Structures are given as C-alpha cells and as structure tokens.
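Take a look at the structure set out below.
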Amino acid sequence: METLFIGRQRFELEELNSTNQYAQELLRNQMVKEGASIVVRNQTKGKGQRGASWEAEPGKNLTISIILLPVFLPASDQFFLSRISALAIADLLKALPGITPDEIKIKWPNDIYAGNRKVAGILIENSWRGNDLAASVIGIGLNVNQDKFESAPLACSLKNITGTEYVLRTIEDSLYECLERRYLQLRTGKKQEIQDEYHSLLYRLGQWHVFYKGAEPFRACIEGVTDMGLLRLKMENGTEQNMDLKEIRYSTPEL
C-alpha cells in the first residue's frame, strides 16, 4: 500500500453496528490520526442515504469508514468530500480488469453504479467546531464478492460484473490509495478539476427521466450539481430547479 496517511492506522473488527458510529466514538476519545480506518467483517446496522439500511453479507464485501480532518475546507465546500469519495471509488473500479470504464457512473450524490446497478454507496458524517468543519467520517460500502442481494434487487458486486473472486485486503488498499490521491488533489486547491470530473461521471446526465417529489412523478433532465451539492434539473417547461436529496428520488430503471 502506497499512502502517506490513509489506512496507516487501521482498526479491524469482527462485528459492529456501524463503522461510522465507531469512528465517531474514536474521534470523541481523541484516539485517532487523520486517515485512520475502521474495517469490519460483519456490519449489523449499516446505514445508507435517507436512513436506508445497507445489505452486506459478512466477509464478502468491504464495509469501512475513514476519518479525515479537512480543516482547510470552508463549510460551504463540504460537498467536495462527496465528490472526491465518489471519484476515488470510480478510479478504483475503472482500473480493474473486466470492468468497462464507461459504465461506471456516480448517481448523485455519491452512489456508484455499474450500468444501472449499484455497486457502492457512501455516507459522510461531519463534525463541527462552531461553524468550522473539524472532522469527517467517510463511510463506504463496496460490494465485492457477494453473489446475490435479497433486499436490494438493483445491487451488484464486482464479482457479478467480472466473474472474479477478489482478495478484500487488496481492494481495501487500492481504495486507500485512490482516496488519498483525490483528497490531496482537494487539499492542493484543484477544485475545478474535481468538479469537472464529477460532473462528467454523473448518472443520467443530460437524459430525460421520471423523478418523484414526494408521491408526485415528474419528468426532468439532469443538468449538473451546484457548488453546494444540490441537483440541477431542467424541467419540461424549460425552467431549472435545484433540489436537495430529501426532496427527490429517482424512478427505478429498467434492467
């Protein structure tokens, strides 16, 4: 593993409710360095976006949280943590033999799709010191060797895609390297490059699809994402609306 700090301090456990929760406890007790990772074989109460549960068969997938201390980042730029985390996973996947790079997309805000199937999800939880960003926990669930997904029919794993059984630690180390490269890119101020790359990988970018606001369906076209992380949609009447994750959900794609 070729990293300066991410993954250098590593906590490996057999079972946890949530790696993000454990990371927050470590931060409260000031027991960790930047880049510390928490890896668990069996996460019993993993969380996704909107409070959804995360299905992961024990010992088959990568369930991990990584602690960052992005004190250099203004609060208004916190969505860049979502951008670099999503791009890091996309970098990892696109480099694997048997993966078609053009099929790897970022479903706003930070799910990773291979075609129309979800292969990874990210949940970022920030800690604040007054109005300043003090610490971030990057929770990542990456489906690696699981064959079937009972409660998530749109999910897939790397093994589903390539037919290859992976060594989890190898994938984990590659993830650390990809995330550190992206984090250092952010720390050196290359925000426009990050923004442009994230935009280019957006799932359904420039396509008309059905979305839901509450129970009401509507058609719109994804135009991009604002600096603050809101989804920019072009409506059928020609107007543009910016929507938060709590306001909107995607329709289910046909497979």
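FYI, it's all coordinate maths here, none of it is from the lab. Please read these numbers as outputs of a predicted model, since none were measured by experiment. Glycine gets a Cβ as well: all are built from the backbone with ideal geometry, and neighbour counts include every protein chain shown.
For the reader, a short list of remarks on this structure follows.
- Relative to one another, the C-alpha centroids of the stretch 96-151 and the stretch 175-192 are positioned 16 Å apart.
- Size of charge dipole - the stretch 10-200 - debye, nearest 20, with Cβ of Lys, Arg +1 and Asp, Glu -1, no other charges: 260
- Distant-in-sequence amide H partners of G224 (H built 1.01 Å from N, under 5 Å): R232
- Near Q9, once Lys and Arg are set to +1 and Asp and Glu to -1 for all other residues with Cβ below 10 Å from its Cβ, the sum equals +2.
- For the stretch 208-250: rounded, prolate or oblate by the Cα gyration tensor [a/c cutoff 1.5]: oblate
- Summing charges over neighbours of P101, with a neighbour being any other residue whose Cβ is under 14 Å away from its Cβ, gives -2 when K and R count +1 and D and E count -1.
- Packing here is the average count of other Cβ atoms within 10 Å per residue, and on that basis the peptides 148-155, 202-209, highest first, run 202-209, 148-155.
- By the beta-carbon count within 10 Å of each Cβ, the least crowded to most crowded order of T19, T188, fewest first, is T188, T19.
- Chain lengthening between R129 and E14 when straightened (0.36 nm per residue, less Cα-Cα): 38.2 nm
- Distant-in-sequence amide H partners of K107 (H built 1.01 Å from N, under 5 Å): I112, Y113, Y203
- For the options A220, A56, A86, a Gaussian network treatment of the chain with springs between C-alpha atoms closer than 10 Å singles out A220 as fluctuating the most.
- Phi to ³J(HN,Hα) by Karplus 6.51 cos²θ - 1.76 cosθ + 1.60 over the stretch 90-101, Hz, x for Gly, Pro: 4, 4, 4, 5, 5, 8, 7, x, x, 8, 7, x
- Computed E for F218/T252 - FRET, C-beta separation, R0 22 angstrom, nearest 0.05: 0.90
- Cβ-derived FRET efficiency at R0 35 Å, F72 paired with R41, nearest 0.05: 0.55
- Of L81, L230, L62, the one that fluctuates the most in a GNM where the chain has Cα springs shorter than 10 Å: L230
- Placed amide H near I124: partners under 5 Å, 5+ positions off or other chain: G139
- Here the Gaussian network model covers the chain, with springs between Cα atoms less than 10 Å apart; of S174, S200, S157, S200 fluctuates the most.
- A full extension of the chain between T100 and T239 corresponds to an added length of 46.6 nm, given 0.36 nm per residue minus the alpha carbon distance.
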